[in-house]
Structures are given as structure tokens and as C-alpha cells.
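What follows is a short report on a single structure.
The values are calculated or read from the model by the stated rules, or taken from the named source; none is laboratory data. Computed from a predicted model, the values in this text were never measured in an experiment. In this analysis, Cβ positions are derived from the backbone assuming ideal geometry, glycine residues included, and neighbour counts consider all displayed protein chains. Just the protein is used for accessible areas: all its heavy atoms, side chains included, with ligands, DNA and RNA removed. Shrake-Rupley method; radii C 1.70, N 1.55, O 1.52, S 1.80 Å.
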Amino acid sequence: MVPGPRRRRCTSGHGSRMRKVSVLAFLAWVSFLFYAGIALFTSGFLLTRLELTNQSSCHEPPGPGSLPWGSQGKPGACWMASHFSRVVLVLIDALRFDFAQPQRSHVPGKSPVSLPFLGKLGSLQKILEIQPHHARLYQSLVDPPTTTMQRLKALTTGSLPTFIDAGSNFASHAIVEDNLIKQLTSAGKRIVFMGDDTWKDLFPGAFSQAFFFSSFNVRDLHTVDNGILEHLYPTMDSGEWDVLIAHFLGVDHCGHKHGPHHPEMAKKLSQMDQVIQGLVERLENDTLLVVAGDHGMTMNGDHGGDSDLEVSAALFLYSPMALFSSTPPEEPEVIPQISLVPTLALLLGIPIPFGNIGEVMTELFSGGKDSQPYASALAQASALYLNAQQVSRFLSAYSAAAQDLQVKELNELQNLFIKASIDYNRLLQSPQGAETALQTLIAELQQFLRGARAMCIESWARFSLSFLLLHLLAAGIPIITPGPFTVPWQAVSAWTLMATQTFYSTGHQPVFPAIQWHAAFVGFPEGHGSSTWLPALLVGANTFASHLLFAVGCPLLLLWPFLCESQGPKKRRQSPGSEVEARIRSEEEEEEPLMEMRLREAPHQFHAALLQLGLKYLFVLGIQILACALAAFILRRHLMVWKVFAPKFIFEAIGFIVSSVGLLLGIALVMRVDGAVSSWFRKLVLAQQR
């Protein structure tokens, strides 16, 4: 005769399916709570801000009153009369500052250190020595993250990149904020572009002529650069352009493939040196040459973080006309990278983009080597005042649309700007003997601009407590104890830690420069063409494989109690004279079903055990990401926050999402197998009944 529980098992198929659906639905709901918490923290902590769509216009001055001195009554004058009618922007991807820095021997009689990447841009040093009033080399300080899409956005808008946009490096989107390209197009400038096809997505339809080349295959050092050189000089000679942009990728790709110390880097830099020489020879007097790196690279050739080598880029400016009133300093000046945006805008006679928070580079407005000191200082103050008006207008518009700027600091900055405005207008009315007042005014305007940028950096990294509330809610869900199938906490914790240990032991690190990009080419040595989702999927699978595999295999931990029992009969302490009692226990244990057969006796406990195991696994994962969030919040003002704590949180968040999805897949798979075994078991029972 078949035991009662087994007969009931044969007639409970519908109830079993309902229990399976309930378990998966409940685990999915708990995962959703964690997802919501992660999303809230991400929007509250990582560099995020509201993107305003306001546009600057020549017809609308940046502030009240008339335009600054020197802007009125000149042909083509907008906010300020243009200094150049044309510009050539050469963007050498990953051009680190020391790649372009002139090599000098600091010890008498001792030659400079010889490295493959040093001293290869000799034309820059030659120009600086022969024409010191025509050229400048700067060390451009880059805001992290140092990924190309974020740097292009900063170089055209003058704004700060959002940290979470690092993932957009695989799928760039059009820039909606006011930017240099939009202003140049509005001014009727003919923009010709050649190089990295990232610009195609950022500025669709903005170029009068364009030659785009795929940028994703980092193993290809020459296709993009050779394609640019094929069109660069013929385009310059044709004269059918006002703005010429060439974005070279060979140096960046060489860094990714070989590193900066490889001989190939020397060849690439020498090629760029020849490009610069060729451009200088073709420049006309009304043209400005800008050679810039969008970011640097580590000693391994990677980038994305905020190490000194990654945030240090080169910036070189040259004009056939004398542009500077003084000779270059012995050590190049360090400037924020976004300072190039307002500087180029005013030099070209177009409005500064509405959302710019960069500070104009004043020495480019000094009027050349023959200008008088007072006139030079007044021109610099006028440029700074226009810049400050524009930033003040942006802060007012932003604070009216969003509430994430520090009110106290904002009021202090606006008071400082009001005082500087009064001083500027007073100086224009009585210019005699105002040299000291002029220098004081310049200092006030620079203090305002630098304070505004610092406030924005600080205010756009805020913390949301909603993340903690949702985490506590998710962690507070009761975890039932279904008796014989309980998996101990130490087993679940050890399984979770093994996933983390496997992540590190396979060479991964929770920082962007350590991502194994070569995984994108596994099975595709020739590249993917224009596809971006497939290489992104391959890199993601390589990075988070340990999270996925251990999560899918987590239901196997249900065998833990059975494995413990399989080690042999339980050993109990026996007191003297209890041999008969021990023999009775032994017989009972031999009759007790072990391993998988016990699952057939208690299907409801099996499903409850799966639910309990899933909740425990999610709880341990949640504790890990909660610890990362707390560390990032507590140390949010630490110098290493964007290098260590923010990337760690991002990796943990993605790892949690991958693990939770893998857990649901693993539990669903186990339930599917259980259903198949149950069907076979019912057929076996029916056969026995016959």
C-alpha cells in the first residue's frame, strides 16, 4: 500500500505550480526593492545634475547693462569682437601632458631620462623657443571620469560630466546642452570634422563635411589616423572651412594595446609631431591652432579613473600672429580643461555656452607683446567679466530649476559677483590711475569663477537616505525556517564570498582601468564593425561571470544538510548501560529516508527552503552593497572617492543585479528539474499500484 503523503503528492500538481510561482514572484519583488534602493542612491550620490536646454545668444547679453569695453561698434562683434575667424582643433586622444612636455636636463651634465614617449613632440618645444609670443603649452587638468565621451562633452559644453555616464562610452547620445558646436553652427561657421565617430552621435547633422571612422577596435593603431591624414591637408588647402576638427586615435589605441613604454608609442607620437609641423606651415594669420589631449593614460595605457596620469592632458595653442604679451613660464601653467570652452568662444566671437562653468584663460586676451600694460589688463578683465556674467546667469537659472546647489554658498558667490560688477562699472567710468583697482577686480572675478566651479563639483555629489530606507525594508523581510532543509548562514555567506574571491582571482578589479577590454574581441579578432552591444555584452560577461555562475548554482546549497548526513550516522554521546537505547535509535535512523527521497516526502518544505535560501543570498548581497554605499557616503569628500569608492559601488550594484537575475534563473531551473522528477516519481508510484 502506498503511503498517504505520496498519494497526496500525486494529486497536488496545481498547488505545486502555484507555490513555484509564488516563490519566484516574492524573490523578484525583494530584488526590485534592492534595485529601487540602488537607483535612488545612484541618482543621489554620483555626479548628477539637471541638464538645462537654455541657449546663449548674441542678441541677448549674459547680464544687465551694456557689453564690456572693446565689444561695441566692431564688425562681427557678438559679446566680444572676434580675434580669429578660423580655428584648427587637433584632438589627440590620450595625449598625456608629459608626452608633450619639453625635455630639459635638470642636472648639469646629465641628459634627460630616455623613455619611448618623451621628447617625441619636438616641434612644440621648437615653436615655444623660436616664437615665444605666439605659442603656449598648458597642463590641462581633466575632471574624472576620464572616458572619451565625457571628455568631449566637457570640451564642448564647459560643464562637468556625470560619473554614471561612464557607461555611455559604448553608446553615445546627442548633447542637448548648449555647446561650442551649436554656437558655431548658429554663427554660420562651416565645420569640417574627421576622425572618431563618437562625434557623429554627439552632434548629429552639425558638420558641413565629415569623415567618420570607427573608434572601437583599440587594436587598430592606424586606420583612423591614416584616414584623417588622407583628408586633412587637402581640406586645409581648399579653404572651404571655418572650423576644422581632427580627432586622432592612434596614441590612445597604442596605449591600450602596448602601453606608453612600447616603441610603437614613440612612432605614433613622432607621426603626430609631423602632423603638427604640417599644420603650422599651412596656417594663415587669422587662424588659431589648438592641439589638445582629451585625457591621459596610466602606466599600463588605460584610462577612466582619476589618477594623476589619467587627469593630466596636454594643451598647446599657436597663432601666426603674436598672441601673448609675455614669454612662456619655465613650468607650464596648470588649468582646468573646461577653461578652453569660454576662451575659444570669446576668441572666435561667439557666445559662451549657457551651462559653462569654466574660467577664461586671460593671457590670450592680453593683446600681444606690443600692448600697453593697462590696456592689456583691461582687456583681460573684460573677458573675465563676460565669463562671470555668463556663469552667474547659469547659476541663477539652475538654482531656479533644481534645488541641489548649496544655498549659503550660492548667496555668497552672488554677493561677490555683485561687488565685482560694481567695481567694474566704476572702473570704466574713471579709468585714470586704476591699475591697482584693475588687478583687484581681476582677482575678484577669478575668485567668483573658481568658487562657482568648486560649488558645482561639491553640490552635484549628494546622498539620498531613501536608499537606506529601502534596504532596511528589504532586509527586514522575515526569513522562515522550514526545518530539515535549512541551509546555515555560514554556508550562504561562504558561497557569496567565493563569488567575490573568484572575481578577484580571475584578474578583475572594481575600477574602470582594470576592465579587461580585450574580452570584447574573443571570437572576433577583426572587430565587430559598427556593432556596440555585442562587445559590451562580451566585456560584461567576462567581468561578472563569477557573480552569474555562483548565483545560478546557489540552489545547490540545499544539498548541504544531506551532505552533512552522508558523512555517516550521527554520533551521540552514550552513557554506560544505554546499549539497547542506542540500538533502537540506529534502527530508526536506518529507516529514515535520506538525500533526494526526503524532497518527495515534503514538497512544501522544499519550496519554502528555496525561498529561504534565496532570501538569505539576497540579504548577504544586500549587506555587501549597503557597506559600499555607506563607505562612499561617509568618505564622499575623500580625494579617492571617484577612484575607489564610487567605482566599487558601481561594480557592486551591477554585480548585485547580475547575481539576483542569476539566482532567479537558478531557482527556476531547480524547480523545472523538480517538476520533471516529480512527474517521473508519480509515474513510478502508479506503476507500483498496478
Exercise. Only residues in the range 198-209 that are closer than 16 Å to Glu177 by Cα count as the first member; pair them with residues that are among the hydroxyl-bearing types (Ser, Thr, Tyr) and outside any loop (DSSP other than H, G, I, E, B), Cβ under 7 angstrom, at least 6 apart or cross-chain, and list the lot.
Key: Ala206/Thr185
Exercise. Go through the range 189-198 and count every residue that is under 20 Å from Gln150 (Cβ atoms) and either modelled with pLDDT of 95 or more or over 20 Å from the mean Cα position of the chain (by Cα) (or both).
Key: 2
Quiz item: Is it true that Ala266 is at pLDDT 95 or above and open to solvent by less than 40 Å² (accessible area, probe 1.4 Å)?
Solution: no
Quiz prompt | Odd one out for Leu378 among (1) over 16 Å from Val291 (Cα atoms); (2) open to solvent by 10 Å² or more (accessible area, probe 1.4 Å); (3) at pLDDT 90 or above | solution = (3)
Quiz item: Can you name the residue in the range 312-335 that is in contact with a Lys or Arg (Cβ under 7 Å, 6 or more places away or on another chain) and not in a strand (DSSP E or B) and is also modelled with the lowest pLDDT among such residues?
Solution: Ser325
Practice problem: Search the range 467-520 for residues being among the aromatic types (Phe, Trp, Tyr) and modelled with pLDDT of 80 or more, and hand back the single one that is farthest from His607 (Cα to Cα). | Solution: Tyr504
Quiz item: Does at least one position in the range 523-532 carry a residue that is at negative phi, in contact with a His (Cβ under 9 Å, 6 or more places away or on another chain) and in contact (Cβ under 8 Å) with a residue 12 or more places away in the chain?
Solution: no
Quiz item: Is there a residue in the range 326-334 that is open to solvent by 20 Å² or more (accessible area, probe 1.4 Å) and within 24 Å of Cys456 (Cα to Cα)?
Solution: yes
Quiz item: Residues of the range 299-318 being of a type in the set (Ser, Thr, Tyr) and more than 16 Å from the chain's Cα centre (by Cα), which ones?
Solution: Ser312, Tyr318
Quiz prompt | Long-range neighbours under 8 Å by Cβ, at least six apart or interchain, first residue within 17 Å of Leu559 (Cα to Cα) within the range 607-624, second charged (D, E, K, R) and surrounded by fewer than 24 Cβ atoms within 10 Å (Cβ to Cβ) | solution = His607/Arg19; His607/Lys20
Practice problem: Just name the residue that is nearest to Gln372 (Cα to Cα) out of those in the range 300-322 that are hydrophobic (A, V, I, L, M, F, W, C) and open to solvent by less than 10 Å² (accessible area, probe 1.4 Å). | Solution: Leu317
Quiz item: Is there a residue being at pLDDT 85 or above and assigned to a helix (DSSP H, G or I) anywhere in the range 592-610?
Solution: yes
Exercise. Kindly list the number of the only condition in (1) modelled with pLDDT of 95 or more; (2) out of contact with any Phe, Trp or Tyr (no Cβ under 8 Å at 6 or more places or on another chain) that fails for Gly367.
Key: (1)
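Each row is one residue, and each column tells you yes or no for (1) in contact with a Lys or Arg (Cβ under 9 Å, 6 or more places away or on another chain); (2) at pLDDT 95 or above; (3) closer than 18 Å to Ala345 by Cα.
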residue	(1), (2), (3)
Pro161	yes, no, no
His173	no, no, no
Asn179	yes, yes, yes
Leu202	yes, no, no
Gln209	yes, yes, no
Quiz item: How many residues does the range 435-456 contain that are touching a residue at least 40 places away in the same chain (Cβ under 8 Å) and either open to solvent by 20 Å² or more (accessible area, probe 1.4 Å) or more than 29 Å from Arg49 (Cα to Cα) (or both)?
Solution: 9
Quiz item: For the subset of the range 399-410 comprising residues that are open to solvent by 50 Å² or more (accessible area, probe 1.4 Å) and in contact with a helix residue (DSSP H, G or I) (Cβ under 7 Å, 6 or more places away or on another chain), which member is nearest to Glu51 (Cα to Cα)?
Solution: Gln406
Quiz item: Which pairs do you get when a residue that is within 22 Å of Arg450 (Cα to Cα), found in the range 132-149, comes within reach of a residue that is of a type in the set (A, V, I, L, M) and at pLDDT below 90, reach meaning Cβ atoms under 6 angstrom, with the pair 6+ apart or on two chains?
Solution: Asp143/Leu160; Pro145/Ala166
Practice problem: Could you please let me know if His133 is assigned to a loop (DSSP other than H, G, I, E, B), over 23 Å from Asp294 (Cα atoms) and at pLDDT 90 or above? | Solution: yes
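Residue-wise test of (1) open to solvent by less than 50 Å² (accessible area, probe 1.4 Å); (2) touching a Ser or Thr at 6+ places or on another chain (Cβ under 9 Å); (3) over 24 Å from Val142 (Cα atoms).
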site	(1), (2), (3)
Leu347	yes, yes, no
Glu363	yes, yes, no
Leu395	yes, no, no
Glu412	no, no, yes
Arg426	no, no, yes
Ser430	no, no, yes
Exercise. Identify all residues within the range 226-251 that are open to solvent by 50 Å² or more (accessible area, probe 1.4 Å) and within 13 Å of Val88 (Cβ to Cβ); write none if there are none.
Key: Asp237
Practice problem: Would you confirm whether any residue within the range 281-293 is open to solvent by 10 Å² or more (accessible area, probe 1.4 Å), part of a helix (DSSP H, G or I) and touching a residue at least 40 places away in the same chain (Cβ under 8 Å)? | Solution: yes
Practice problem: Answer yes or no as to whether Leu563 is out of contact with any Pro (no Cβ under 8 Å at 6 or more places or on another chain), at pLDDT 65 or above and either among the charged types (D, E, K, R) or not in a loop (DSSP other than H, G, I, E, B) (or both). | Solution: no
Exercise. Could you tell me whether any residue of the range 87-97 is modelled with pLDDT of 70 or more and over 25 Å from the mean Cα position of the chain (by Cα)?
Key: yes
